[in-house]
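Peer 1: Dropping the structure in here first, questions after.
The values are calculated or read from the model by the stated rules, or taken from the named source; none is laboratory data. Everything numeric in this text was worked out from a predicted model, so none of it was measured. No Cβ is skipped: glycine too gets one built from the backbone with ideal geometry, and neighbour counts run over all protein chains shown.
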Amino acid sequence: MILQDIIEPDIPVLNWVTIDTTTDFVDLSWNMNPSEDTYGYIVYALIGGFWVPVDTVYGISNTTFTYTLTNSANQAETYRIAAFDSCLTSSFPQTYQTSALSQPHTTIFTQNVFDPCEKSVDLSWTPYMGWTEGVNRYEVIVSIAGSPFEIIATLSSTATSYSHSNVFYDADYCYYIRAVSNNDSISYSNRSCRYTQSPSQANFHYLATASYNLADQVELICYTDGSASVQGYEVEVKGPNDSVFSLLSSITPNGTDFIYYNDGSVLPDRGAYEYRINLIDSCGHVGFVTNVARTVFLQISTDHVRMINTLSWSAYSGFDGNIIEYRVYRGVNGVFDSSPLAVTLPGVRSFEDDVSAFMQSEGQFCYRVEAVESLNSYNLAETAFSNSACAIIDPVVYIPNAFIVNGENPVFLPVVSLYDFDSYLLTIYDRWGGIVFQTDDRSEGWNGESDFNNLAPEGTYVYHLQFNDRENKKYDYRGFVTMLIDAE
């Protein structure tokens, strides 16, 4: 009689499958089969929808296996174990008598997405499957810049995602997920790493100048990296009486290294204005902020008797380079000279201008002061003009009280200096209030004639002289003039 063993080995029980976080190989562990004639174990992997034997482990007590041909760094993988004994089957070709396959176990596959705008790393993973006792929890473990791994979150058995917030820019983050069963078995996911690249920033961002133009607008020039990926720029201003900066305007990038803005809302006579420009990065957050540029504020005091204008101005601040000098420009009757009237050293911020030689002008004297920068670290050398400040010298008026027709002073002509020439009007009245003579020509005086070129009779007449200065202030002079006739 031939005795034959027809009893298959018991089905083995997988304890866990886990990923070696340093190599991404898959380690399997199972129980030692209670069937004493167990000869070894066959490891199966689910590949392309089919259970494929990937290796054989010989020996009943050999209950671990490392699978090196894994792709666990890119996907979840499922494994099973079968036990076999030393008895051959009657099939052809002959094989060892093998148990049914164990309960499948599936590894955890973890991946991440970095949100630079939210400064968060968002993790997601596939669940561990295979423990009959079930998953108790998931633990999120991280290493930052090569530091030791540590648990940063413990999550429920149903969790499959986690957001790691407030991460640092420009650092290496590596994560893995650890599943813990209700029997304290553990399984590690693949390692998922990420370099937290900061949003694209400008290599340079500098407010080159804040300068008044002749229209009393402040012109801003910002030197910034036009190749940077930014959403835009915010212009902020702090007025003379303000304690904080406020948003003035937003500017769209133009793709060049220079952006320009004119502030037409200033009140130049109030004081100096301060400006800065914020870079809005690709996430919509404020990135770099420029230096603060403070305009030059020019003031004038006038000695009307001596006809001297005294200028004083505040220092410009904000240049990367040094201020090498201040240039003073003067404009007479609204026209500025192209060359400076005076140049002062950086520490000298006042100047006296004697305008007594300009008696025949209209009396308006305007000034601008220009701060001049040395070549700076950006290879720029800018200038910054102050506000325009004007002084109006009081008109000088001389009106004779008599004239002699055919004499040495045969014409009644008031002498007026330093006023608006276009506003001149001289009227002569007789004693009955009739107009004897009228002119708006400042060079034309009354020669004693009335209408139809007839000579008016000797006597006393009333004059009325009207004109405005350059600030449109009205001047009105009334009095008497005696007209005499030289018979010779």
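Peer 1: Report whether or not Ser227 is in a loop (DSSP other than H, G, I, E, B) and modelled with pLDDT under 95.
Peer 2: Yes: the conditions hold for Ser227.
Peer 1: Of the residues Gln360, Gln364, which is over 30 Å from His205 (Cα atoms), in contact (Cβ under 8 Å) with a residue 40 or more places away in the chain and loosely packed, with under 14 Cβ neighbours inside 10 Å?
Peer 2: Gln360
Peer 1: Can we say Val52 is outside the structural domain of Asp172 (by TED's automatic domain parsing), in contact with a Gly (Cβ under 8 Å, 6 or more places away or on another chain) and at pLDDT 95 or above?
Peer 2: On the way: outside the structural domain of Asp172 (by TED's automatic domain parsing): yes; in contact with a Gly (Cβ under 8 Å, 6 or more places away or on another chain): no; at pLDDT 95 or above: yes.
Judged against the criteria, Val52 is not a match.
Peer 1: Among the residues that make up the stretch 216-228, is at least one of them touching a helix residue (DSSP H, G or I) at 6+ places or on another chain (Cβ under 7 Å), in the same structural domain as Ala272 (by TED's automatic domain parsing), surrounded by fewer than 16 Cβ atoms within 10 Å (Cβ to Cβ) and within 17 Å of Ala371 (Cα to Cα)?
Peer 2: yes
Peer 1: Right, next: In the stretch 427-451, which residue that is touching a residue at least 24 places away in the same chain (Cβ under 8 Å) and touching a strand residue (DSSP E or B) at 6+ places or on another chain (Cβ under 6 Å) is nearest to Met483 (Cα to Cα)?
Peer 2: Gly448
Peer 1: When the stretch 276-292 is examined, which residues are found to be assigned to a strand (DSSP E or B) and surrounded by 17 or more Cβ atoms within 10 Å (Cβ to Cβ)?
Peer 2: Within the stretch 276-292, Arg276, Ile277, Asn278, Leu279, Ile280, Asp281, Gly287, Phe288 meet the criteria.
Peer 1: Does Asn62 fit the bill of being in contact with a Pro (Cβ under 6 Å, 6 or more places away or on another chain) and part of a loop (DSSP other than H, G, I, E, B)?
Peer 2: Here the answer is no, as Asn62 does not meet what is asked.
Peer 1: Could you grab me the full set of residues in the stretch 147-180 that are closer than 13 Å to Arg191 by Cβ and over 33 Å from the mean Cα position of the chain (by Cα)?
Peer 2: Phe149, Tyr175, Tyr176, Ile177, Arg178
Peer 1: To continue, here is another question. Can you name the residue in the stretch 235-265 that is among the acidic types (Asp, Glu) and over 21 Å from Asp320 (Cα atoms) and, of all such residues, is surrounded by the most Cβ atoms within 10 Å (Cβ to Cβ)?
Peer 2: Asp263
Peer 1: Still on this structure: Only one of (1) under 30 Å from Ala293 (Cα atoms); (2) at pLDDT below 90; (3) in a loop (DSSP other than H, G, I, E, B) fails for Arg470. Which number is that?
Peer 2: (1)
Peer 1: How about the stretch 390-450: which strands (runs of 3 or more DSSP E) wholly inside it have at least 1 residues that are over 60 Å from the mean Cα position of the chain (by Cα)?
Peer 2: 396-398, 402-405, 425-429, 435-439
Peer 1: Kindly indicate which of Ile485, Ile392 is within 24 Å of Phe365 (Cβ to Cβ), of a type in the set (Val, Ile, Thr) and at pLDDT below 95.
Peer 2: Ile392
Peer 1: Of all residues in the stretch 323-344 being of a type in the set (A, V, I, L, M, F, W, C) and under 34 Å from the mean Cα position of the chain (by Cα), which is farthest from Tyr212 (Cα to Cα)?
Peer 2: Of everything passing the filter in the stretch 323-344, Ile324 is farthest from Tyr212 (Cα to Cα).
Peer 1: Test Glu370 against the stated conditions and say whether it is assigned by TED's automatic domain parsing to the domain that holds Asp320, surrounded by 15 or more Cβ atoms within 10 Å (Cβ to Cβ) and modelled with pLDDT under 90.
Peer 2: No: the conditions fail for Glu370.
Peer 1: Oh, and also: From the list Ser102, Ser61, Ser86, Ser72, which residue is loosely packed, with under 14 Cβ neighbours inside 10 Å and under 16 Å from Leu28 (Cα atoms)?
Peer 2: The conditions single out Ser61.
Peer 1: Please go through (1) closer than 30 Å to Asp354 by Cβ; (2) part of a strand (DSSP E or B) for Val296 and return the number of the only condition it doesn't satisfy.
Peer 2: Failed condition: (2).
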